[in-house]
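The values are calculated or read from the model by the stated rules, or taken from the named source; none is laboratory data. Every value quoted in this text rests on a predicted model; they were computed, and no experiment measured them. Ideal geometry is used to build each Cβ from the backbone, glycine not excepted, and the neighbour counts take in all protein chains shown.
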């Protein structure tokens, strides 16, 4: 969940994404503050689209134990030829790539926010250690 300051105050947004473990390609499928089982079913339809779905040609899909991932979502995946595999309980490092992606997104989004007293301002920090004129990586 990502906390976002809006005109109405702090709102928690959920970011739903899938990762191809072989290529490390990430696709963000939905960003929103309200989720339902029907929305998850629609996300599953988009992922299993026979023309350009993210799961096209994929044999397995690992997923967490979110209760919104219902039986009809699992049946949709099976009907498209993808086998859903539920990760074990209390094993967050079983999906270490997802945990690393979430950590990097939170770190990158929080580097652009600076707190001043009771008010918040957004600032852009474009300078990176490797963005020099020579375009070299640190330590090279």
Exercise. Within region 1-29, can you find the residues that are farther than 28 Å from residue 58 by Cα and outside any strand (DSSP E or B)?
Worked result: 7, 8
For this session: Quick one: in region 73-91, of everything that is touching a helix residue (DSSP H, G or I) at 6+ places or on another chain (Cβ under 6 Å) and assigned to a helix (DSSP H, G or I), which residue is surrounded by the fewest Cβ atoms within 10 Å (Cβ to Cβ)?
Result: 76
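Any chance you could count how many residues in region 22-40 are touching a residue at least 40 places away in the same chain (Cβ under 8 Å) and surrounded by 14 or more Cβ atoms within 10 Å (Cβ to Cβ)?
1
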For this session: For residue 139, indicate whether it is farther than 27 Å from residue 12 by Cβ and either in a strand (DSSP E or B) or at pLDDT 80 or above (or both).
Result: no
For this session: Run residue 58 past the list (1) at negative phi; (2) under 17 Å from the mean Cα position of the chain (by Cα) and report the number of the one that doesn't hold.
Result: (2)
Exercise. In the list 69, 54, which residue meets the criterion of being surrounded by 12 or more Cβ atoms within 10 Å (Cβ to Cβ), at pLDDT 90 or above, touching a helix residue (DSSP H, G or I) at 6+ places or on another chain (Cβ under 7 Å) and assigned to a loop (DSSP other than H, G, I, E, B)?
Worked result: 54
